[in-house]
Amino acid sequence: MNTTESLKDYQRVRLLAIRSLFEIIEQSSEGTVIVDRDANIVWINERYARRFGLQSAEGAIGKACESVIPGSLLREVVRTGRPILLDMQDTPRNRWWSCACRFMTTQAW
């Protein structure tokens, strides 16, 4: 299969794009977490998971955001749909940690 033909396979291209996007996020961000409409974690990068004492990101999947990130304001962001541009957090690795909480929605929810 040549390159032009493989780009016509939408599902394959979509999967490659998603994988590429998550690899970029994993490497470019100190901490990224994605939650569903119930504020349960559906994805978290490895660095962020370790910051909160987890051995791997896999251990956070499906858990309420507050159970992994104590004092998280993500539930409020999901509830209101409004971003919180600065959130100071106390983590096991650093006394204070700042983050921005943004809200994005998708029809897939």
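With labels modelled as points extended 7 Å from the Cα through the Cβ direction, what inter-label distance (nm, one decimal) is found for GLU76 paired with LEU16?
Label-label distance for GLU76 and LEU16, simple model: 4.3 nm.
Hey, can you grab everything whose amide H is under 5 Å from the amide H of TRP43? Only 5+ residues off in sequence or another chain; H modelled, so Pro and N-termini drop out.
ILE34
Multiplying the sequence separation of ILE24 and ASP38 by 0.36 nm and subtracting their Cα-Cα distance, what value in nm do you get?
On the way: separation 14, 0.36 × 14 = 5.04 nm, distance 2.57 nm.
In short, 2.5 nm is gained.
Subtract the Cα-Cα distance of GLU66 and LEU86 from 0.36 nm times their separation in residues, and report this length gain in nm to one decimal.
On the way: separation 20, 0.36 × 20 = 7.20 nm, distance 1.69 nm.
Result for the pair: 5.5 nm of gain on full extension.
What list of ³J(HN,Hα) couplings, whole Hz, do you get for the stretch 65-78 from phi and the Karplus terms 6.51, -1.76, 1.60, once you set θ to phi - 60° and write x for glycine and proline?
Couplings: 4, 5, 6, 9, 10, x, x, 4, 9, 4, 4, 5, 4, 5 Hz.
The numbers here are math on the coordinates, done by the rules we state, and not lab data. None of these values were measured; they are calculated from a predicted model. For neighbour counting, all protein chains shown are included, and Cβ atoms are generated from backbone atoms with ideal geometry for every residue, glycine included.
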